[in-house]
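> Sending over a structure as structure tokens; questions will come in a sec.
Readers should treat all values here as calculations from the given coordinates under stated rules, not as data from a laboratory. Source: prediction; values computed, not measured. Virtual Cβ from ideal backbone geometry, glycine too; neighbours counted across all protein chains shown.
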Amino acid sequence: MAVREIRKLKDELLYKRSREVEQIDDKIKEITEDMIETMYKYDGIGIAACQVGDLKRIVVYDIDYIKDDGVKSPKILINPTITKSSRQMVTTEEGCLSFPDLFGCVDRHEKITIEATNIKGNKITINAKDIESVVLQHELDHLDGKVFVDIAYDTYVGEKEDNTKEKKKKYKKSK
């Protein structure tokens, strides 16, 4: 396993549609292991393969990591697809490993159903709600070349109380 470099800001891979995984082989397993290690290294709760340089339809996430005092329970989804979305929407504050220190409000479906393949090659269905639903929608957007900053509003850099004009200028210059 290895920590991979996270693609950031204007990296073209973040804006490309990821390709389906045809076969779960050792290379795919290595990518998922690296994604897990990278996600934890940077205190993330979700990461898509494009964020570590692979245009494959793979998502790794772990919502328990923030809820249960750092208990690790990663989940791997290969070729995930949203098959059902609730009409009820929720507004959440989101951030992204590819856009460090940038946060904003995003409207997401409160509940979704996802069909995917797990790392063992078995078809699975996930009925996600609340934070799990939000994380999965965020990560699946990555697989389609969409990033949260394109749909976020009330964006800010850093902590709300530390949101200075100087930091905003610095962020805009780095883009």
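> Quick one: which residues, 5+ away or cross-chain, put their amide H under 5 Å from the amide H of residue 42? H built at 1.01 Å from N.
Residues meeting the criterion, in which the H sits 1.01 Å from N, do not exist here.
> Give me the aspartates and glutamates in straight-line cross-link reach of residue 120: C-alpha distance below 14 Å, same-chain residues under 8 apart excluded.
22, 25, 26, 30, 33
> Can you give me the C-alpha center-to-center distance between the range 48-68 and the range 71-120, rounded to a whole angstrom?
The two parts, judged by their Cα centres, are 10 Å apart.
> Using 0.36 nm times the number of residues separating residue 3 and residue 15, minus their current alpha carbon distance, what extension gain do you get?
2.1 nm
> Considering only DSSP states other than H, G, I, E and B, which GluC sites (Glu not before Pro) in the range 71-130 qualify as loop sites with at most 16 other Cβ atoms within 10 Å?
Values: sites: 93, 94, 110, 115; in loops: 110.
Sparse-neighbourhood loop GluC sites (Glu not before Pro): 110.
> Label residue 120 and residue 66 with points 7 Å out from Cα along Cα→Cβ: what is the distance between them in nm?
2.9
> OK, next. How would you classify the range 83-123 from its alpha-carbon gyration tensor, with a ≥ b ≥ c the square roots of the eigenvalues: rounded for a/c under 1.5, else prolate if a/b is greater than b/c, otherwise oblate? Before the final figure, lay out the partial values.
Values: a/c = 5.57, a/b = 1.37, b/c = 4.06.
In terms of gyration-tensor shape, oblate.
> Provide, for q = 0.16, 0.19 Å⁻¹, the log10 of I(q)/I(0) from a solvent-free Debye sum over equal Cα point scatterers in the range 4-56.
Results for the range 4-56 at q = 0.16, 0.19 Å⁻¹ read -0.46, -0.64.
> Which ³J(HN,Hα) values in Hz, rounded to whole numbers, follow from the phi angles of the range 122-139 under the Karplus curve 6.51 cos²θ - 1.76 cosθ + 1.60, where θ = phi - 60° and Gly and Pro get x?
Ordered by residue, 3J(HN,Hα) equals 8, 6, 9, 10, 10, 9, 9, 9, 6, 5, 4, 4, 5, 4, 5, 5, 4, 5 Hz.
> Using a Förster distance of 30 angstrom, determine the FRET efficiency expected from the C-beta separation of residue 55 and residue 131, and round it to 0.05. Before the final figure, lay out the partial values.
Working: r = 27 Å, r/R0 = 0.89.
It comes out at approximately 0.65.
> Quickly estimate the mean residue ellipticity at 222 nm for the chain, helices only: each DSSP H run with n ≥ 4 gives -39500 (n - 2.57), and the total goes over all residues, rounded to 500.
Numbers: 4 runs with 44 residues, N = 175.
Theoretical 222 nm ellipticity from helices: -7500 deg cm²/dmol.
> Which value does Rg/Rh take for the range 12-174 over its C-alpha atoms, Rh per Kirkwood? Write out the running numbers ahead of the final one.
Values: Rg = 15.9 Å, Rh = 16.4 Å.
Rg divided by Rh gives 0.97.
> Size of the dipole of the chain about the Cα centre, Lys and Arg at +1 and Asp and Glu at -1 on the beta carbon, nothing else charged, in debye to 20?
On the way: 32 positive and 34 negative charges, 132 e Å.
With Lys and Arg at +1 and Asp and Glu at -1, about 640 debye.
> Could you pull out the pairs from 27/67; 27/111; 67/146; 10/84 whose alpha carbons sit more than 29 Å apart here? If you can, show how the numbers build up before the last one.
Numbers: 27/67 31 Å; 27/111 32 Å; 67/146 27 Å; 10/84 31 Å.
Over 29 Å Cα-Cα: 27/67; 27/111; 10/84.
> What are the aspartates and glutamates whose alpha-carbon lies under 18 Å from the alpha-carbon of residue 129, with same-chain residues fewer than 8 places away excluded?
Candidates past the 8-residue exclusion: 62, 64, 68, 93, 94, 107, 110, 115, 139, 141.
> Given an 8 Å cut-off on Cα distances and at least 6 residues of separation, report the relative contact order of the range 12-174 as a percent.
Details: 295 pairs, mean separation 38.1, N = 163.
Normalised by residue count, the contact order of the range 12-174 is 23 percent.
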